[in-house]
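Shown next, in structure tokens, is the structure this report addresses.
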Amino acid sequence: MDNAVKALIIAGAVLIAILLIGVGITIFNSASKPLDQGARQADRQEVEMFNNSILSSVGQGISGNQVKTLVSAITSSNGQNEEHQIKINGDDAKKFKIGTVSLRKKYNAVEQIDDIGFIMNVKIWEQGTSEPADI
């Protein structure tokens with residue numbers, strides 16, 4: 001009889017330990033969800049901050065002056081951010097010939113976004129001409 005009581009006490013202790021482990025795992029999982037959401041929100045804000053200076057300058061029928069401002073913003077962004085480099089027409093932004101932009105003409109500028117949401121390329125072309133090919 002003495003051994004049966006000890007066996008029941010041990011079995012009860014094992015069940016309580018399993019229950020406590022389960023409660024601990026549940027608490028850990030519920031606490032990590034807000035942290036994951038916060039990290040995702042921070043990532044979205046980083047993408048928005050990165051893209052904002054460029055997105056304000058892209059569009060249909062923009063002036064030559066706006067194109068020069070856009071190219072300047074891209075060059076500045078590339079100088080400050082090694083991880084996310086923006087290309088122009090699929091090539092290094094430094095190779096874009098700003099001298100060929102006429103202040104009297106209208107241009108189109110369209111951004112291309114990568115899988116994460118960052119702008120990776122801006123296509124710029126004169127209105128009335130064909131759009132550059134996708135990269």
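One table, with the values for the structure above:
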item: Sequence of 115, 43 once ranked by neighbouring C-beta atoms within 10 Å, starting from the fewest; result: 115, 43
item: Of all DSSP beta bridges in segment 2-126, antiparallel share, percent nearest 5; result: 85 percent
item: Calculated P(r) tail over 26 Å for the chain, as whole % of Cα pairs; result: 48 percent
item: Cα shape, segment 47-109, gyration tensor, a/c 1.5 rule; result: oblate
item: Candidates 87, 106, 97, ranked by Gaussian network fluctuation over the chain, Cα under 10 Å, top entry; result: 97
item: For residue 90, distant residues with modelled amide H under 5 Å away; result: 122
item: Computed over the chain: relative contact order in percent, which uses C-alpha pairs under 8 Å that are six or more apart; result: 21 percent
item: Footprinting exposure proxy for 120, 49 (fewest neighbouring C-beta atoms within 10 Å first); result: 49, 120
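Any read-out appearing in this document is the output of simple, stated calculations on the displayed coordinates, not a laboratory observation. Because the structure is predicted, anything quoted here is derived from the model rather than measured. Note that we place each Cβ from the backbone using ideal geometry, even for glycine, and neighbour counts take in every protein chain shown.
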